[in-house]
There are 2 protein chains.
Amino acid sequence: MSAITALATSEKSTILAPLLAAGWKLQPKDSNTPKAKEALTKTFHFSDFNEAFGFMTRVAIAAEKADHHPEWFNVYNRVEVLLTTHDAGNSVSKRDVDLATKMEEFASTQRK
Amino acid sequence: MSAITALATSEKSTILAPLLAAGWKLQPKDSNTPKAKEALTKTFHFSDFNEAFGFMTRVAIAAEKADHHPEWFNVYNRVEVLLTTHDAGNSVSKRDVDLATKMEEFASTQRK
């Protein structure tokens, strides 16, 4: 089980580099918006709903196994994902990195 | 295949009554917000992620079969749904009513 502490500032650039290179964004906390969370976000595009929901199903099974779940929105072939760790004060933790990495793996072996 | 024309105002109250009674809301078009759609919306709550995603999977299969897909957001045990018909000018059509009715059936046979 990955640590549920927030990533340290010093380790972020190294740990997040592969995800940022793959199109993930690091949404910072916004002190003006108390509800804003630090989060990893990405929008995935697929050929159609079948592919998009197939991806979501693979992610759902992995998420449940890790007991760490995404916030996500789907319409047709589009899946918008937000990953944050509630138990780390709504910051990004290694759990989010692990789930994002799995999403990349699933999407890359599925997208046309 | 259900008609893809918007529901007539005269038939809305009759056709939508069972859904409104079950907690669905009819979101009106907002002339001040050009992108706002007429839509049926509802937030479903389940026991946990397994139940929520199980519901989503049943809906996904029915949606694909009907070639009519929801806009939906999920986090853990919560599923927020918005149904509208793009081909009816982003208005509510019989297709949305049919999908909402199926969602009620699936949720009622699943929720604790």
With the condition kept exactly as written, say whether any residue in segment B:75-92 is buried (at least 17 other Cβ atoms within 10 Å of the Cβ), closer than 22 Å to A:Ile61 by Cα and of a type in the set (Phe, Trp, Tyr).
-> no
Does A:Glu64 satisfy the condition of being exposed (fewer than 15 other Cβ atoms within 10 Å of the Cβ), within 14 Å of chain B (Cβ to nearest Cβ) and either farther than 30 Å from B:Ala66 by Cα or free of Cβ contacts under 8 Å to residues at least 24 places away in the same chain (or both)?
-> yes
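Name the residue that is farthest from B:Trp72 (Cα to Cα), counting only residues in segment B:1-16 that are assigned to a helix (DSSP H, G or I) and polar (S, T, N, Q). Full working, then the answer.
Keep residues of segment B:1-16 that are assigned to a helix (DSSP H, G or I), which gives B:9-16.
After this cut, where a residue has to be polar (S, T, N, Q) as well, the list is B:9-10, B:13-14.
On the way: B:Thr9: 26, B:Ser10: 28, B:Ser13: 25, B:Thr14: 26 Å.
Selected residue: B:Ser10.
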Residue within segment B:17-34 that is exposed (fewer than 14 other Cβ atoms within 10 Å of the Cβ), in contact (Cβ under 8 Å) with a residue 40 or more places away in the chain, outside any loop (DSSP other than H, G, I, E, B) and more than 11 Å from every other protein chain (Cβ to nearest Cβ) present | yes
Unmet requirement for B:Gly54, which otherwise passes all of (1) surrounded by 15 or more Cβ atoms within 10 Å (Cβ to Cβ); (2) within 13 Å of B:Thr85 (Cα to Cα); (3) small (Gly, Ala, Ser) | (2)
Hits in segment A:71-91 - residues which are in contact with a strand residue (DSSP E or B) (Cβ under 8 Å, 6 or more places away or on another chain), within 10 Å of chain B (Cβ to nearest Cβ), closer than 14 Å to A:Phe53 by Cα and not acidic (Asp, Glu) | A:Trp72, A:Phe73, A:Asn74, A:Val75, A:Asn77, A:Arg78
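Of all residues in segment A:95-110, count the ones that are of a type in the set (Gly, Ala, Ser) and farther than 15 Å from A:Glu80 by Cβ. First the steps, then the outcome.
We begin by selecting, within segment A:95-110, every residue of a type in the set (Gly, Ala, Ser); these are A:100, A:107-108.
Okay, now just the ones that are also farther than 15 Å from A:Glu80 by Cβ, so A:108.
Counting residues in segment A:95-110 that are of a type in the set (Gly, Ala, Ser) and farther than 15 Å from A:Glu80 by Cβ gives 1.
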Go through (1) at pLDDT 95 or above; (2) away from every other protein chain (no Cβ under 11 Å); (3) closer than 23 Å to A:Thr9 by Cβ; (4) buried (at least 17 other Cβ atoms within 10 Å of the Cβ) one by one and return the number of the condition A:Phe44 breaks.
-> (3)
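The values are calculated or read from the model by the stated rules, or taken from the named source; none is laboratory data. Since the model is a prediction, treat every value here as computed from it, not as a measurement. Methodologically, a virtual Cβ is constructed for each residue, glycine included, from the backbone with ideal geometry; neighbour enumeration extends over all protein chains shown.
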